[in-house]
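Below is one structure; the comments refer to it alone.
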Amino acid sequence: MNPLRRNTAPAQSGHAVLSGRGLVKRYGTQHALAGADIGIQQGEAVAIVGPSGSGKTTLLHVLAGILKPDAGEIFLAGQRIDQFSEKRRSELRRSEFGFVFQQGMLVAELTAEENVALPLLLGGTARKQALSAAREWLTRLGLRGREGSRPGELSGGQAQRVAIARALTHQPKVIFADEPTGALDTRTGKETMDALLVAASDAGSSVLIVTHDRELADSLPRTVIMRDGRIATGVAVA
Ligand SMILES: Nc1ncnc2c1ncn2[C@@H]1O[C@H](COP(=O)(O)OP(=O)(O)OP(=O)(O)O)[C@@H](O)[C@H]1O
């Protein structure tokens, strides 16, 4: 296959770490998802692009167990998860998934290392061990020396790196990122994305990124295009 051809088709392989089939989500009569199919392989980084209102964020929220689909099936590592209770979905979000949003959503009162340690602490890891792991991730993301800073004392790019470290510290199966560079200038956005992709690869995590930034999407190995609540298939030439 021509290496310049980028695959924009949804992966449907049985080896997907996370997959959704026939996903439907309605708001009143509006179909935010109208039968979306998607599969993400282990360690794969995938961009979701598409017009405003096409269902990108809804798809991300449904796959991540934040929203329950009205129809369809979701599998994580072979296990069906869409029928899980809110309690089990919440456990899943904490233990198997990591999240990076446009605004880092860090806890203002906590230091960088405490923010990063939070998912481990919530998962029952001892404080000393959690803080030590947090410091390691901060170092990997180029934030050595900023462990004791609070979010308000960090630049936008630094704060987003703290959010990335926090999303990765428990080595989740999948990282969900919704417009992770939306609040950053182009250069900082690119550096932050590169940091996310390298760190996710180190952790063995897959990454699913919703973005309006075509350049960012083009820098990932696979782009999925959404239209009217479905995945539009096809192979684009880079
Ligand atoms: N909580 C909600 N209540 C009602 N309608 C909603 C809600 N969330 C999303 N929608 C509708 O569902 C459709 C898909 O929205 P969604 O946010 O998933 O699209 P998107 O592709 O992420 O858009 P954007 O690129 O503008 O963020 C839109 O028509 C939107 O108006």
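The values are calculated or read from the model by the stated rules, or taken from the named source; none is laboratory data. Note that this is a predicted model, so its numbers are computed, not measured. Virtual Cβ from ideal backbone geometry, glycine too; neighbours counted across all protein chains shown.
Some points to look at:
- If you go through the range 25-53 and keep only what is in a loop (DSSP other than H, G, I, E, B) and either of a type in the set (S, T, N, Q) or more than 10 Å from the ligand (Cβ to nearest atom) (or both), you end up with Thr29, Gln41, Gln42, Gly43, Glu44, Ser52.
The rows are residues; the columns are (1) touching a helix residue (DSSP H, G or I) at 6+ places or on another chain (Cβ under 8 Å); (2) touching a residue at least 24 places away in the same chain (Cβ under 8 Å); (3) within 18 Å of Ser54 (Cβ to Cβ).
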residue	(1), (2), (3)
Ile175	yes, yes, no
Asp178	yes, yes, yes
Lys190	yes, yes, no
Leu196	yes, yes, no
Ala200	yes, yes, no
Ser206	yes, yes, no
Val210	yes, yes, yes
Val224	no, yes, yes
Arg230	no, yes, yes
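- Unique match (being buried (at least 21 other Cβ atoms within 10 Å of the Cβ), away from the ligand (no atom under 16 Å from the Cβ), of a type in the set (Ser, Thr, Tyr) and in a helix (DSSP H, G or I)) among Thr192, Thr188: Thr192
- Taken residue by residue, the range 116-136 has no member that is charged (D, E, K, R), within 16 Å of the chain's Cα centre (by Cα) and over 11 Å from Arg166 (Cα atoms).
- Of the helices (runs of 4 or more DSSP H) lying entirely inside the range 54-136, those containing at least 3 residues that are surrounded by 19 or more Cβ atoms within 10 Å (Cβ to Cβ) and more than 16 Å from the ligand (Cβ to nearest atom) span 112-122.
- Among the residues making up the range 138-163, those that are under 11 Å from Leu196 (Cα atoms) and in contact with a Ser or Thr (Cβ under 7 Å, 6 or more places away or on another chain) are Gln160, Arg161.
- Residue within the range 37-52 that is at pLDDT 95 or above and farther than 20 Å from Leu220 by Cβ present: no
- When Arg166, Arg161 are screened for being outside any loop (DSSP other than H, G, I, E, B), in contact (Cβ under 8 Å) with a residue 40 or more places away in the chain and crowded, with 21+ Cβ neighbours inside 10 Å, only Arg166 passes.
- Val224, sole failed condition from (1) within 14 Å of the ligand (Cβ to nearest atom); (2) part of a helix (DSSP H, G or I): (2)
- Qualifying residue in the range 204-215 (condition: surrounded by fewer than 22 Cβ atoms within 10 Å (Cβ to Cβ), within 16 Å of the ligand (Cβ to nearest atom), assigned to a helix (DSSP H, G or I) and more than 13 Å from the chain's Cα centre (by Cα)): yes
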